[in-house]
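**Q** Just passing along the structure, written as structure tokens.
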Amino acid sequence: MPGFRLLCIILIVLASCKKNGSAPVFQNVKGILVTTDDCQRWLIHKYDSTAFQPLNLDSFKVTLKSGQPVIFSYTPMGTGVAICVNVTTIQLRSIQDQ
């Protein structure tokens, strides 16, 4: 029984620990909205050719037109599942037409 109590105490301590790290927020990033036939999702391409798949684009009012320049802020999703190949999934914080 003493081993069980020690295990319970360790689990309680570990569960109550706060994580210091939080996901970074990238702000005022310039890019363009694009859609592709093979992906059938809206993507945002930065001017350095990095492609992002926003998971919450429908939460914002923005002109959905391929080639539309935008300015956006986002948090990368470490475990997001991308529908499209070679893209990074992101959670938008803000997006507006440029």
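**Q** Of the residues that sit in the range 55-70 and are exposed (fewer than 15 other Cβ atoms within 10 Å of the Cβ) and within 19 Å of Phe26 (Cα to Cα), which one is farthest from the chain's Cα centre (by Cα)?
**A** Pro69
**Q** Pick from Val34, Val87, Val13: which is at pLDDT 90 or above and among the hydrophobic types (A, V, I, L, M, F, W, C)?
**A** Answer to the check: Val34.
**Q** Do the conditions hold for Val29, that is, is it crowded, with 17+ Cβ neighbours inside 10 Å and of a type in the set (Val, Ile, Thr)?
**A** Values: crowded, with 17+ Cβ neighbours inside 10 Å: yes; of a type in the set (Val, Ile, Thr): yes.
The answer is yes for Val29.
**Q** Can you tell me which residues in the range 71-93 are of a type in the set (Ser, Thr, Tyr) and loosely packed, with under 14 Cβ neighbours inside 10 Å?
**A** Just the residues of the range 71-93 that are of a type in the set (Ser, Thr, Tyr), to begin with: 73-75, 79, 88-89.
Residue satisfying the conditions is Thr79 alone.
**Q** Residues in the range 45-58: is at least one part of a loop (DSSP other than H, G, I, E, B) and modelled with pLDDT of 95 or more?
**A** Yes; the residues of the range 45-58 include at least one that is part of a loop (DSSP other than H, G, I, E, B) and modelled with pLDDT of 95 or more.
**Q** Right, next: Go through (1) closer than 15 Å to Pro24 by Cβ; (2) at pLDDT 95 or above; (3) not acidic (Asp, Glu) and name the single condition Gly78 misses.
**A** Gly78 satisfies every listed condition except (2).
The values are calculated or read from the model by the stated rules, or taken from the named source; none is laboratory data. From a predicted model like this one, the values you see are computed outputs, not experimental measurements. Cβ atoms come from the backbone with ideal geometry, glycine included; neighbour counts cover every protein chain shown.
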